[in-house]
Amino acid sequence: MKKLISALSLIIIIIVGIVSVKNMYETVPVTYDGSKTDVYALMQDPQNYDTSDADGAASVIVKQNLAKTQAVNNVTSIVFDFRGYDTMGEAFILVIAITGTAAILRKPKQRWEGD
């Protein structure tokens with residue numbers, strides 16, 4: 001009986017998820033698909049790249065990112081300039097977790113007791 005209820009619950013969750021995704025896809029319009037962005041021109045001369053045809057967030061991201069960080073790659077500038085301390089903190093927590101796990105799960109050494 002438990003298996004039947006679990007299977008039925010899983011099927012209901014999957015069906016609700018599929019219907020929700022279908023409804024969201026049909027109702028939310030695409031704002032910017034990036035098809036008119038000339039990546040080569042942006043990489044070669046980011047200061048003078050025309051972002052007037054990009055709508056919404058794309059124009060703001062390109063303009064503000066260049067003004068604040070002087071970095072050509074938006075992803076790299078966000079990770080290292082804006083989220084640098086956050087990324088460093090996450091790496092520190094990961095190292096501490098691995099060290100703690102290794103300390104807890106390590107095999108204790110056998111001590112030799114002399115006469």
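Every read-out reported here was derived from the displayed coordinates using simple, explicitly stated rules and does not represent laboratory data. The structure displayed is predicted, hence computed values, not measured ones. All Cβ positions, glycine included, derive from the backbone under ideal geometry; neighbour counts span all protein chains shown.
Cβ-Cβ distance of residue 48 and residue 82, R₀ of 35 Å, FRET efficiency by 1/(1 + (r/R0)^6): the value works out to about 0.90. Remark: the residue 18-residue 64 segment gains 12.9 nm on full extension, using 0.36 nm per residue and subtracting the alpha carbon distance.
For the pair residue 97 and residue 112, label points projected 7 Å from Cα toward Cβ lie 4.0 nm apart.
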